[in-house]
Amino acid sequence: MKLILIPDELSNLDAYIDRGCEGIIIGLKDLSTNYEVELDVEQIKLLKEKYPTIDIFVSMNKNFFNEEMSKVEQSLIELDKLDINGILYYDLSVVYLKNKNNLNVDLVWNQTHMVNNYKTCNYYYDLGVKYGFLSTEITIDEINEIKEKTNMKLFAFGYGYPVMAHTRRSLLTNYFINRGKEYDGSVCHIYDNNNKFSLKEDETGTTFLNDEFVNGSCLLTNSNVDFVVFNNNLFPEDKSLQLVSLISEYKTTNNERIIGEIEDLIGDYTNFFYKKTIFMVKKNDK
């Protein structure tokens, strides 16, 4: 099991590696969304040369329009030459383009809420997709069932503020325009009863994040996933570094005391790990 960081910046990456971070996920510039660090192909090449011992995964997780397809194809061909560990995708065109061009780079199925069962994992695995990034709405038992019944290597979101939804609409810009103001690019908050959500907007649209920090230590103690992901966006750097150190110490020692220290640091919110998502269709009233 490796600890993978989605960094909010690269200037402090050495500190995270020194404390046990074993890989990173970054966005590909112009072809990804919800990443604080987005690099072009040449910058990724330099990053790979600087950090040859860690896993580097690149995300191309946008839905693509027809006019973007030539850039998507060319980017895949260029990334294939860099010996990166894999490319995260949302749009299925990435699978088609990889096979069309006989590329060797590994793919990570990353269709957010859809990566929730072993049968579809196996379907994409048979198409040549090596990895899957599991949905954040499934339980630890469901995660373990998928791991048991698929040959895919699995990512699971373990720590951070989870993305609840993303829309291409510029909701914050439109909100402030409606009130005769200008959106300044900052993170905003909305409330639903006692629940608080963070909103941020960029050129790809608006993202909703849960304002409760997920503690996914059950992935360390009660699963066999291949990668546990920590997104440190909006989380203080000192606590982020401390969390990475604690996770690494637990991986080495299996000392249950450390799980308690992690909880003291980040809280005990476990998202859906112990709560099934139940969908109900209301009957039509006659």
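The values are calculated or read from the model by the stated rules, or taken from the named source; none is laboratory data. Everything quoted here is computed from the prediction, not taken from an experiment. Note: ideal-geometry Cβ built from the backbone for every residue, glycine included; neighbour counts use all protein chains shown. For the accessible areas, the whole protein counts, side chains as well, though only heavy atoms, and no ligand, DNA or RNA atoms are used. Shrake-Rupley method; radii C 1.70, N 1.55, O 1.52, S 1.80 Å.
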Report the FRET efficiency, 1/(1 + (r/R0)^6), for Asn101 and Asn151, where r is their Cβ-Cβ distance and R0 is 22 Å, rounded to 0.05.
0.40
Can you give me the accessible area per residue for the stretch 100-212, using a 1.4 Å probe, in Å²?
55 Å²
Report the per residue volume, in Å³, of the convex hull enclosing the C-alpha atoms of the stretch 49-164.
126 Å³
Suppose R0 equals 30 Å; then what is the FRET efficiency for Val187 and Gln242 from their Cβ-Cβ distance, rounded to the nearest 0.05?
0.85
Packing-based ranking, highest mean first, of 115-124, 225-234 given that Cβ atoms within 10 Å are counted
225-234, 115-124
List the pairs from Lys2/Lys276; Lys119/Lys275; Lys2/Lys62; Lys50/Lys81; Lys2/Lys153; Lys62/Lys153 whose alpha-carbon separation is above 18 Å, in the order I gave them.
Lys2/Lys276; Lys119/Lys275; Lys2/Lys62; Lys62/Lys153
Grab the Cα-Cα distance for Asp40 and Lys119, subtract it from 0.36 nm times how many residues apart they are, and report the gain in nm with one decimal.
25.0 nm
What order, most packed first, do the peptides 186-199, 41-54, 4-17, 91-104 have when packing is the mean number of other Cβ atoms within 10 Å of each residue?
4-17, 91-104, 41-54, 186-199
Would you work out if the stretch 121-260 is rounded, prolate or oblate? Take a ≥ b ≥ c from the square roots of the eigenvalues of the alpha-carbon gyration tensor; rounded if a/c is under 1.5, else prolate when a/b is larger than b/c, oblate otherwise.
oblate
Given a Förster distance of 41 angstrom, what is the FRET efficiency for Glu263 paired with Ser11, based on the Cβ-Cβ distance and rounded to 0.05?
0.90
Distance from the stretch 93-151 to the stretch 208-263 (C-alpha centre basis), Å
23 Å
What are the semi-axes of the equivalent ellipsoid for the stretch 12-111, taken as the square roots of 5 times the Cα gyration tensor eigenvalues, largest first, in whole Å?
24, 14, 12
Could you give the length gained on full extension between Glu67 and Tyr274, defined as 0.36 nm per residue of separation minus the Cα-Cα distance, in nm?
70.3 nm
Carbon + sulfur, % of accessible area of the chain - ligands and nucleic acids excluded, 1.4 Å:
46 percent
List the GluC sites (Glu not before Pro) in the stretch 159-215 that DSSP assigns to loop (not H, G, I, E or B) and whose Cβ has at most 11 other Cβ atoms within 10 Å. Which are they?
Glu182, Glu203
Correct option for Kirkwood radius over Cα pairs in Å [calculated from the coordinates] among (i) 20.0; (ii) 19.1; (iii) 20.5
(i)
